[in-house]
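Heads up: the structure comes next, in structure tokens.
The values are calculated or read from the model by the stated rules, or taken from the named source; none is laboratory data. Quantities reported herein were computed from a predicted structural model and do not represent experimental measurements. We place every Cβ from the backbone using ideal geometry, glycine too, and count neighbours over all the protein chains shown. For the accessible areas, the whole protein counts, side chains as well, though only heavy atoms, and no ligand, DNA or RNA atoms are used. Shrake-Rupley method; radii C 1.70, N 1.55, O 1.52, S 1.80 Å.
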Amino acid sequence: MAEALSHIHRFEEGAEPDAAPLLLLHGTGGDENDLVPLGRTVAPHAPLLSPRGKVLENGMPRFFRRLAEGVFDEDDVRRRANELADFIGAARERYGIAPPIALGYSNGANIAAAVMLLRPEALAGAILLRATAPLSQTAPVNLTGKRVLIVSGASDPIISPEGAARLAALLQRDGTNVEHRTLPLGHELSQADIALARTWLQP
Ligand code: MLT
């Protein structure tokens, strides 16, 4: 029997195993099943890799610890981002897939951003839905040629416009091609998010 990987996860091969794989990262209280339908909608034939966050907050899975809403334990963000990057590497070997594009929502988008900024080799790019800067500062890395789509909600009560702008600036500083869109929405996702993600993924 193959050795267990570090994260509970789902892997869906997809009808086109050579299509760019998606790494699905759920929000607080979600699990590895949550974003599979969204992943299938935006990338109907791609392999999907969907881990469950390993931190529990009142029983709700997350990808890193927070001290209060919007106040992150940055040591834990760094530790968990490295752990997730190692998981991606091990899962790529297990399933024979290329570096994935992350599709993350809320806490899942924030850990995807941290992985891009700390372990740039782990991801090919990212779609970050309702994301903020997960770290106040990071050392420069080379993200030249990588693409990131950030989709914010104009009236999001959890993610401030400044947080999303700080994230965009950090990624751009390191050479990422960032497209930042803001929808007339709150923290919840909508068909408009799906349409933007689908369009952005088109080659
Ligand atoms: C977080 O990472 O804590 C998000 O910004 C908010 C959430 O996931 O609830």
Search result, residues across the range 30-60 that are closer than 12 Å to Arg10 by Cβ, in contact with a Ser or Thr (Cβ under 9 Å, 6 or more places away or on another chain) and not in a loop (DSSP other than H, G, I, E, B): Val36, Gly39, Pro51
Any chance Ala139 is farther than 23 Å from Leu185 by Cβ and free of Cβ contacts under 8 Å to residues at least 12 places away in the same chain: yes
Arg78 basic (Lys, Arg), at pLDDT 95 or above and open to solvent by 10 Å² or more (accessible area, probe 1.4 Å): yes
Top-ranked residue in the range 1-20 [being crowded, with 16+ Cβ neighbours inside 10 Å and assigned to a loop (DSSP other than H, G, I, E, B); ranked as nearest to the ligand (Cβ to nearest atom)]: His7
Any hit, the range 94-117, residues being among the small types (Gly, Ala, Ser), over 14 Å from the mean Cα position of the chain (by Cα) and closer than 15 Å to His9 by Cα: no
Matching option when the condition is among the aliphatic types (A, V, I, L, M) and surrounded by fewer than 16 Cβ atoms within 10 Å (Cβ to Cβ), among Leu67, Leu84: Leu67
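Within the range 108-121, is there a residue that is touching a residue at least 60 places away in the same chain (Cβ under 8 Å), surrounded by fewer than 21 Cβ atoms within 10 Å (Cβ to Cβ) and closer than 22 Å to Ala43 by Cα?
The first filter runs over the range 108-121 and keeps only residues touching a residue at least 60 places away in the same chain (Cβ under 8 Å), leaving 108-109, 111-112, 116.
Adding the requirement that they be surrounded by fewer than 21 Cβ atoms within 10 Å (Cβ to Cβ) leaves none.
Within the range 108-121, not a single residue is touching a residue at least 60 places away in the same chain (Cβ under 8 Å), surrounded by fewer than 21 Cβ atoms within 10 Å (Cβ to Cβ) and closer than 22 Å to Ala43 by Cα.
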Only one of Asn82, Asn107 that is more than 26 Å from Arg198 (Cα to Cα) and of a type in the set (S, T, N, Q): Asn82
Residue list for the range 21-37, filter: of a type outside the set (S, T, N, Q), open to solvent by 40 Å² or more (accessible area, probe 1.4 Å) and within 16 Å of the ligand (Cβ to nearest atom): Gly29, Asp31, Asp34
Some residue of the range 38-60 being open to solvent by 60 Å² or more (accessible area, probe 1.4 Å), touching a residue at least 40 places away in the same chain (Cβ under 8 Å) and within 16 Å of the ligand (Cβ to nearest atom): yes
Criterion (modelled with pLDDT under 95 and either at negative phi or out of contact with any Cys (no Cβ under 9 Å at 6 or more places or on another chain) (or both)) met by exactly one of Gln202, Gln172: Gln202
